[in-house]
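S.K.: Here it is, the structure, as structure tokens.
Read-outs: derived from the displayed coordinates by stated rules, not from any lab. Just so we're clear, the structure is a prediction, and the values are computed from it rather than from any experiment. Here the Cβ positions follow ideal geometry from the backbone for every residue, glycine too, while neighbour counts run over all protein chains shown.
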Amino acid sequence: MVQLQKIATEQRNPNTRDIDTLSTLEMVKRINQEDHRVAEAVGMVTEQIAAAIDRIAEKLEDGGRLIYCGAGTSGRLGILDAVECPPTYSTDPETVQALMAGGYDAIFKAVEGAEDSKVLGVQDMKNIHFTPKDVLVGIAASGRTPYVLGCMEYAKALGAVTIAVTCCPGSELDTFADIGIAPAPGPEVITGSTRMKSGTAQKMVLNMLSTGTMIKLGKVYGNLMVDVKPSNEKLVRRCVSIVCDAAECSEAEAVAALESCGYRPKIAITMVLLGISAQEAKKRLDDAGGRIARALEK
């Protein structure tokens, strides 16, 4: 039997006990006041986030994968972060993945009981052929979701790196993981509605994990996403803008370089800055581990 009174995310918020009697404007202001606590809570766990980024980047550079797992809102947040990596950083879709309790159908509609099964978690891990080279990030606001614990136990038994993202410091998941990241934004505006402050805190942490990892892997030059995949008209224009900014060149020069290298901004930037061919720029980048700054030094 789950004892809700002992779970931090299930506590009743004294600041919103009268929220149903407020005017719409006051209601919105009250929610906004509570949301201000989220960034502060995340700010308290930056050391753990940094440690996690270093471990993830190390494993991905060695050919491993980043796997998120979760249920409900937490699972959907993992999916959101994972699916944004290929278009933003041109990662292989296999490199960053997300497991959701209940599978594909649960993304859109709750699958009853799926999150309560450790066995389903283990099976999903086996289905993706999880290995010790991979990193598992278990996401659960309460820090006790059985599905996530099942995934974590399987990963740890293999000797893989395990990271927990919860909103309950000291929870079972938080203490079980190699690195526990547990911002504590306080009780929800609506008691137990963890899609709100807890979900926002988790989203902020996942943003940092994936973005920080991609920066460490050389997929960012300055603050430009130089590995963006031009999959639509807006992103094609962004590629041109990125090359112009990074190489301090004209739009015509940027377009010419991009067209000669298959619209890969990282290669185009290196071409323009060093005055070399696409083939030579690619070789220099490969030798530099895909990092523009290092290629320029060479």
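S.K.: For region 91-101, just list the computed ³J(HN,Hα) in residue order, Karplus coefficients 6.51, -1.76 and 1.60, θ = phi - 60°, integers in Hz, with x standing in for Gly and Pro.
M.R.: 6, 5, x, 6, 5, 10, 10, 9, 9, 10, 4
S.K.: Given axes a ≥ b ≥ c from the Cα gyration tensor, I'd like to know whether region 26-112 is rounded (a/c under 1.5), prolate (a/b larger than b/c) or oblate.
M.R.: Because a/c hits 1.5 or more and a/b fails to exceed b/c, region 26-112 counts as oblate.
S.K.: Treat the count of other C-beta atoms within 10 Å as a stand-in for reagent exposure and order 220, 236 from fewest to most.
M.R.: 236, 220
S.K.: Moving to a separate point now. Karplus couplings for region 159-176 from phi (6.51 cos²θ - 1.76 cosθ + 1.60, θ = phi - 60°), rounded to Hz, Gly and Pro as x?
M.R.: The phi angles translate into x, 7, 6, 10, 10, 10, 10, 10, 10, 10, x, x, 5, 4, 5, 4, 7, 6 Hz.
S.K.: Order these peptides, 97-106, 8-17, 182-191, by their mean beta-carbon neighbour count within 10 angstrom, highest first.
M.R.: Values: 97-106: 19.2, 8-17: 15.8, 182-191: 21.1.
Final packing ranking: 182-191, 97-106, 8-17.
S.K.: Please give me, ordered by residue number, the GluC sites (Glu not before Pro) of region 238-285 that lie in loop per DSSP and have at most 15 other Cβ atoms within 10 Å. Don't skip to the end; give the middle numbers.
M.R.: Numbers: sites: 248, 251, 253, 259, 280; in loops: 248.
Those satisfying the criteria are 248.
S.K.: Here's a follow-up. When all alpha-carbon pairs of the chain are counted, what percent fall beyond 26 Å?
M.R.: 51
S.K.: Next question, about the same structure. Given bins 10 angstrom wide, list per bin the percent of all Cα-Cα distances in region 170-223, short to long.
M.R.: Values per bin, smallest distances first: 21, 37, 29, 12, 1.
S.K.: Run the numbers on the chain and let me know its relative contact order in percent, using alpha-carbon pairs under 8 Å that are six or more apart.
M.R.: Across the chain, relative contact order equals 19 percent.
S.K.: Where the convex hull is taken over the Cα atoms of region 218-296, what is its projected area averaged over directions, in nm²?
M.R.: 4.3
S.K.: Using packing as a proxy for protection, rank 169-176, 198-205, 135-142 so that the peptide with the highest average count of other Cβ atoms within 10 Å comes first.
M.R.: Going from most to least packed, we get 135-142, 198-205, 169-176.
S.K.: Provide the FRET efficiency to the nearest 0.05 for the residue 223-residue 20 pair, computing r from the beta carbons and using R0 = 41 Å.
M.R.: Approximately 0.40, to the nearest 0.05.
S.K.: Listing 24, 162 from the residue with the fewest other Cβ atoms within 10 Å to the one with the most, what is the order?
M.R.: Ascending number of Cβ neighbours within 10 Å: 24, 162.
S.K.: Using a basic spin-label model with each label point 7 Å from the Cα along Cα→Cβ, how many nm lie between residue 33 and residue 294?
M.R.: 5.0
S.K.: For residue 47 and residue 13 in one chain, what is 0.36 nm times their gap in residues minus the Cα-Cα distance, to one decimal in nm?
M.R.: On the way: separation 34, 0.36 × 34 = 12.24 nm, distance 2.78 nm.
Extra length from residue 47 to residue 13 when fully extended: 9.5 nm.
S.K.: What Cys residues in the chain are without a partner cysteine, judged by a Cβ distance under 4.7 Å?
M.R.: 85, 167, 168, 239, 244, 249, 261
S.K.: At what distance in nm do the modelled label points of residue 236 and residue 252 sit from each other, each positioned 7 Å from its Cα along Cα→Cβ?
M.R.: 2.0
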